[in-house]
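The values are calculated or read from the model by the stated rules, or taken from the named source; none is laboratory data. If you're wondering where the values come from, they're calculated on a predicted model, not measured in any experiment. Virtual Cβ from ideal backbone geometry, glycine too; neighbours counted across all protein chains shown. Just so you know, the surface numbers come from the protein's heavy atoms only, side chains and all, with ligands and any DNA or RNA stripped out. Shrake-Rupley method; radii C 1.70, N 1.55, O 1.52, S 1.80 Å.
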Amino acid sequence: MENPSSNSTDPQTPFDPNSNFNPKTPSKTNNNNNNLIPGFNSYHPSPSRSIYSDRFIPSRTSSNFALFGLPLSPKSSNTEDSNNEYTSLLRTALFGPDSGNVVNPVTPEKGVRGNGRNLKRPNCNIFRYKTETRQRLDSLLPFEFDDQIRGVSTSPVKVPRKVPKSPYKVLDAPALQDDFYLNLVDWSSQNVLAVGLGSSVYLWHASNGKVVKLCDLENDDNVTSVGWAQRGTHLAVGTSNGKVQLWDASHGKMTRTMEGHRLRVGALSWSSSQLSSGSRDKSILQRDIRAQDDYVSKLSGHKSEVCGLKWSPDSRELASGGNDNRLFVWNNHSTQPILKYCEHTAAVKAIAWSPHLHGLLASGGGTADRCIRFWNTTTNTHLSCMDTGSQVCNLVWSKNANELVSTHGYSQNQIILWRYPTMTKIATLTGHTYRVLYLAISPDGQMIVTGAGDETLRFWNVFPSPKSQNTESEIGASSLGRTQIR
């Protein structure tokens, strides 16, 4: 069966190879003997059948090359010589010039000029091979081992940041209480660490390792919370009898005592000259240290002890967590919470505002909850929840990256570094043998200090440095190893 094609000859007029073909005249036949290419009609097909074709395939055996000054095709008698020459040339190309005598072949196109003289060409290979033909195995692989030798420029692979698994410093902290509802460690902007141990407060200067006792409480009173003012010059100390003392750390003297709570003060948070205190009496007192009154307003809403308290970075919102499993958000103009979150199923002590995104709040629940939850206080939405598998005691955001650290109690007592918002674990740090109840971050945002009921303070290098920072931090540079804070 024929295959229709635009180049096919008319089936009613088959192509006659015996006819003379004149390319200048597009007629079907030409009976004259004056052919442009003599001998073109020397091909005689079998007369038994007609040939139909959709394309023209020329036959070189019937072409008259002498008309164009080209040599005739070699005869069959020269076939063996041609094969030998080709074999020799192939052997030389593959195995080098020393593999045997090579006879330079003379091709019809390049070896013969118009006058018929043979011109010999120098022995040269089209592909130049080295004498050593063996190659290294890595040269056959799809990737390069030695980029410098091969001149290949590849982009460097980003290596994940390595977080040291061990603390770079450990301090003994005798009498550090194992109480989930207290906040006994804080790090100032002046690079001084305050720690409440029993009835005393100690200051550890990170730049030189010097330890100073700031105060001793009287009348069987104990320290239940500490909190540095933003300038790092004054320290607020909450006590078990419901008082708040204000100390000038640089001069080592108390400047004021403020009352108002009936029970212990377990949480403190500063906002410029305003100090907020949370108590076991379920209330939050707003204090202006410039005013004569002990407090300017009282916030009521929690049904149990207030154990978590944090002001937002812009000082517009205050987040509070309580033993009633509630998380509240307050503003400067109301004595009632503007936002209430009730999703946690255990006490909410761990609270942290993101320094990178306005209105992003993180909170953590206790043993029965074990979850870290994220909230958008601007839109009043619950963003996500991560089950950590153990009691969440503290949270703190990195100042230099979108990461945060959580410390845990029952049952693993670990420290976890998270990447937000994917909440992938960057590192898990262990070392404490009791619940990691206390957490503070260094002023440069690179180090954290953790405290536990095992009466130790451990310093960890977990967060990246600021992009603009070119010098190493001097924190703990002068003293390494394990020492005692008192």
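Brief remarks on what is shown
- In a residue-by-residue description of segment 300-311, the property of being open to solvent by 50 Å² or more (accessible area, probe 1.4 Å) and small (G, A, S) applies to at least one position.
- Being touching a Cys at 6+ places or on another chain (Cβ under 9 Å) and closer than 20 Å to L361 by Cβ is a condition met by no residue of segment 441-453.
- The condition of being more than 27 Å from G359 (Cβ to Cβ) and either hydrophobic (A, V, I, L, M, F, W, C) or modelled with pLDDT of 95 or more (or both) holds for only one of R290, R262, R326, that being R262.
- In segment 397-412, the residues that are under 20 Å from the mean Cα position of the chain (by Cα) and among the β-branched types (V, I, T): V405
- Some residue of segment 197-218 being out of contact with any strand residue (DSSP E or B) (no Cβ under 7 Å at 6 or more places or on another chain), over 29 Å from G364 (Cα atoms) and not in a loop (DSSP other than H, G, I, E, B): yes
- Subset of segment 156-165 [surrounded by fewer than 14 Cβ atoms within 10 Å (Cβ to Cβ) and touching a Leu at 6+ places or on another chain (Cβ under 8 Å)]: K165
- Residue count, segment 420-434 (criterion: under 21 Å from L193 (Cα atoms) and open to solvent by less than 30 Å² (accessible area, probe 1.4 Å)): 1
- Residues that are over 18 Å from S189 (Cβ atoms) and either in contact with a Leu (Cβ under 7 Å, 6 or more places away or on another chain) or surrounded by fewer than 19 Cβ atoms within 10 Å (Cβ to Cβ) (or both) do not occur anywhere in segment 226-237.
- Residue in segment 181-200 that is surrounded by fewer than 19 Cβ atoms within 10 Å (Cβ to Cβ) and free of Cβ contacts under 8 Å to residues at least 24 places away in the same chain present: no
- Among the residues listed as L361, L417, L383, L404, the single one being open to solvent by 10 Å² or more (accessible area, probe 1.4 Å) and not β-branched (V, I, T): L383
- Qualifying residue in segment 330-346 (condition: open to solvent by less than 10 Å² (accessible area, probe 1.4 Å) and in contact with a Pro (Cβ under 8 Å, 6 or more places away or on another chain)): yes
- All strands (runs of 3 or more DSSP E) inside segment 386-486 with 1 or more residues being at pLDDT 95 or above: 392-397, 403-408, 415-419, 424-429, 436-441, 447-452, 456-461
- Residues in segment 348-358 that are in a loop (DSSP other than H, G, I, E, B) and open to solvent by less than 10 Å² (accessible area, probe 1.4 Å): S354 alone.
- Residue within segment 166-176 that is in contact (Cβ under 8 Å) with a residue 60 or more places away in the chain, of a type outside the set (V, I, T), assigned to a loop (DSSP other than H, G, I, E, B) and open to solvent by less than 20 Å² (accessible area, probe 1.4 Å) present: yes
- Residue within segment 356-374 that is out of contact with any strand residue (DSSP E or B) (no Cβ under 8 Å at 6 or more places or on another chain) and polar (S, T, N, Q) present: yes
- Scan of segment 240-253 for residues that are free of Cβ contacts under 8 Å to residues at least 40 places away in the same chain and loosely packed, with under 14 Cβ neighbours inside 10 Å, ordered by number: S250, H251, K253
- Meets criteria (among the aliphatic types (A, V, I, L, M) and not in a loop (DSSP other than H, G, I, E, B)) for A291: no
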